[in-house]
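Read the structure below first, then the notes.
The values are calculated or read from the model by the stated rules, or taken from the named source; none is laboratory data. This is a predicted model, so every value here is computed, not measured. Backbone-built Cβ (ideal geometry, glycine too); neighbour counts: all protein chains shown. Just the protein is used for accessible areas: all its heavy atoms, side chains included, with ligands, DNA and RNA removed. Shrake-Rupley method; radii C 1.70, N 1.55, O 1.52, S 1.80 Å.
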Amino acid sequence: MLRISSLDTPPPSISGDQGWPLFSIAATRQIERDCANRLPPHTLMERAGLAIVRLAMAIAPHAQHIWIACGPGNNGGDGFEAAAQLQARLPHTRIMVSEVREPSQLPADAQISWNKAQQAGVLWVNNCPGDLGLQDLCIDALLGIGLKPRADHKPSDAHQRLQQLLEQVTQCACPVLCIDIASGLDADTGQYLPEFAPHTPSNPSPRHTLALLTLQPGLFTAQGRDACGQIWWDDLGCGIASRQADASIHQPVAHLSATANLQAQLRQHTSHKGSFGDVAVLGGEGLSQRGLSMTGAAWLAALAALHSGAGRVMLALLDESHPQGITPWPEIMLRQPSAQDWSQSTVVCGCGGGQAVQAWLPHILEQAPQLVLDADALNAIAASPALAQQLTARAARQQPTILTPHPLEAARLLQTSTAAIQANRLQACLQLAQKFQCTALLKGSGTVIANAQRQIWINSSGNPRLATGGTGDVLAGHIGALWAQGSNADKAAIQGAFKHGHTADQWPADRPFSASALAMHLTQ
C-alpha cells in the first residue's frame, strides 16, 4: 500500500478532488533554481543532506553500516552531504561512500559536500560492502531526477561505473533509501530507461524514497510504485505546498488522489430509491468465439453497482439463452436489452460484451445520458471509425462518457502499441480524453485519470490483489453507481478508482479475495 509521509512539512492544502500536486522534471528544476536564488549558497544541499540524515536514522536506527552510492551530479552531492552529516551524528556507525566521478568533475555544490565528507572522515569504498546486514542501510544517490539517456551508444567509463553501482544498489540485501526517485527511473513517466533497468530481480528488502522539493508523477505510476516503495517528501523549507497556486510557479502536471471521501452518502429520511440513481448494465455475451461464457463480467459490474449504493440496478444480458426471472441477487433486475430505456439511466456497457455488443453500441452511444464504456465496447469502437466518431460527438450533446481501458485496449483506441502506452501513461491517458472528448481512466499500476481539459490525476491506492479476473468489471460498475448518485464524471472516476484500490488495500490477509467478494465489500 502506498503511503506519503511528509518530514515536518504539512500536507498541501487540498481543495476539492485535486490532491497532492505532481510536478514535471522541468518544473522541478525551475522551482529548484527559484529557491536557490532566494537562499544563501549551498543552503538547499545542506537542507537536503539533513532531510536524508533524519529519515535514514528513522528507517535504520540500529545500523552499524550505511553505504551511500553517489552519482555524478547534484543527487550525488546530496549523498556526500548526507554522509558528512551522518558521520558527525553517528561516530560509531561505519559511513561508506562509493562515487562515480572524480571530485574535480562534480558540480560546484557537490564538490563542497564531497570535501565536507572527506573532512568528516567518511570511508571511501569501490563497491557495495559485502557485510551489510538487514539492520543496515543503503542510500541511492546516483541519479535522482537527473536521469539522461546517452547521446550515443558508446558508454564511457563513468557510465559503466554508474551502471555497476546501480546494479549493486538493486541487489542490496538491506533497506534502500532512494533520493528523489529510484535511480534509472524517468521521473515524468515512471519507466526505466532501458540502459538503467535492473538486469535481475531486486531483493525483497524494504524500499523508501525521499522526494525533495516536489513530488513527480513517475513516483506513482508504471514501474515507479514497485521501485520506489514508501514515499517520503520534504520541501526543504521552501513552502512549495503553500505556493503551488502562485502564477509565477510552474503549475503541476498532475495531481495524486491520495485520499477520497470514503463515507457513504448521507441518506435523508425522505430519500427513496429514485434519489440515488439508476444503473443499467449491458454486456454478458453467451458463448464467445472461444466457447467461453461472458455473462459473469456483466454480473460483476451489476453487483458492484448494487453494493456501491445505486438506487436501482438493471442488468441486460446479451446472452439470449440466459433465463429471465429471479436472479442470484434479487435486487438486480434482469431486462431484455430491447426492453430497457437506455435514455433514463447511467449506463455501463461492454463488460463481457464480446462481439454481440457491437450491434447495440450505436443505440447506446446515441441514448445514454451518462455512459461508462469498458472492455469489449472499447474494442468495438477501436475497430470502427463510425463508432469512434459517434462517441466523440456525445460531448457536444452534453452526454458525458467515461472510458476505462487497460493498456492493450488503450493501445487499440489510439492505434499504437501497449509498450507505447506504458512508456508514457499520463500522455496516453490525456490523448484518449482529448481524442474522444471524455474522461479517460487508464488502468494499471498507478491508474491515471484525465479529462479533455488537460487535467490529470494519478490514483494512489491498490495492490497486486487486483490482478485477478473480474476486478475491472467491478471498477466499471462501481464508477457507474457513484456517477448515478450525483458525482460528475471526473469525480466518479477519481473516487471510484481510489475506493476500488483502497478496499483491496484494507483486505484482511485471512479473507479469500475475488472480484465478487471485492464488489460486495465496496461499501465497507
Residue ID - modelled with the lowest pLDDT, chosen from residues in the range 330-345 that are surrounded by 12 or more Cβ atoms within 10 Å (Cβ to Cβ) and assigned to a loop (DSSP other than H, G, I, E, B): E331
Among the residues of the range 412-431, how many are within 17 Å of the chain's Cα centre (by Cα), open to solvent by less than 20 Å² (accessible area, probe 1.4 Å) and among the hydrophobic types (A, V, I, L, M, F, W, C)? 5
Qualifying position, being buried (at least 23 other Cβ atoms within 10 Å of the Cβ), of a type in the set (G, A, S) and farther than 30 Å from P369 by Cβ, among G446, G496, G462: G446
Selection count where residues are open to solvent by less than 50 Å² (accessible area, probe 1.4 Å) and charged (D, E, K, R), scope the range 391-411: 2
Give the range 67-111 a look and list any residue that's over 19 Å from H159 (Cβ atoms) and surrounded by fewer than 16 Cβ atoms within 10 Å (Cβ to Cβ), or say none. A88, R89, P91, H92, A108, Q111
Among the residues of the range 180-197, are any touching a His at 6+ places or on another chain (Cβ under 8 Å), over 25 Å from P103 (Cα atoms), aromatic (F, W, Y) and open to solvent by 40 Å² or more (accessible area, probe 1.4 Å)? no
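Residue-wise test of (1) on the phi > 0 side of the Ramachandran plot; (2) assigned to a loop (DSSP other than H, G, I, E, B); (3) in contact (Cβ under 8 Å) with a residue 24 or more places away in the chain.
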site	(1), (2), (3)
A63	no, yes, yes
A69	no, no, yes
A83	no, no, yes
Q87	no, no, yes
A110	no, no, yes
G130	no, yes, no
G133	no, yes, yes
I139	no, no, yes
State which residue is farthest from H42 (Cα to Cα) when the search covers only the range 90-118 and only residues that are among the acidic types (D, E) and within 34 Å of the chain's Cα centre (by Cα). E99
Within the range 484-493, does at least one residue satisfy the condition of being open to solvent by 40 Å² or more (accessible area, probe 1.4 Å) and farther than 18 Å from V347 by Cα? no
Which ones in the range 389-444 are outside any helix (DSSP H, G or I), closer than 16 Å to A222 by Cβ and among the charged types (D, E, K, R)? K443
Hey, any hits in the range 117-128 for a residue that's open to solvent by less than 20 Å² (accessible area, probe 1.4 Å) and either within 25 Å of A173 (Cβ to Cβ) or part of a helix (DSSP H, G or I) (or both)? yes
Does W457 qualify as being in contact with a strand residue (DSSP E or B) (Cβ under 8 Å, 6 or more places away or on another chain) and modelled with pLDDT of 95 or more? yes
Among the residues of the range 204-217, is any of a type in the set (K, R) and within 18 Å of P407 (Cβ to Cβ)? no
Among strands (runs of 3 or more DSSP E) completely within the range 174-238, the ones holding 1 or more residues that are in contact with a Ser or Thr (Cβ under 8 Å, 6 or more places away or on another chain) and either in contact (Cβ under 8 Å) with a residue 60 or more places away in the chain or aromatic (F, W, Y) (or both) are 176-179, 230-234
Quick one: what pairs do we get from the range 153-170, first residue within 11 Å of D140 (Cα to Cα) and open to solvent by less than 40 Å² (accessible area, probe 1.4 Å), second part of a loop (DSSP other than H, G, I, E, B) and modelled with pLDDT under 85, C-beta under 6 Å, 6+ apart or different chains? T170/S202
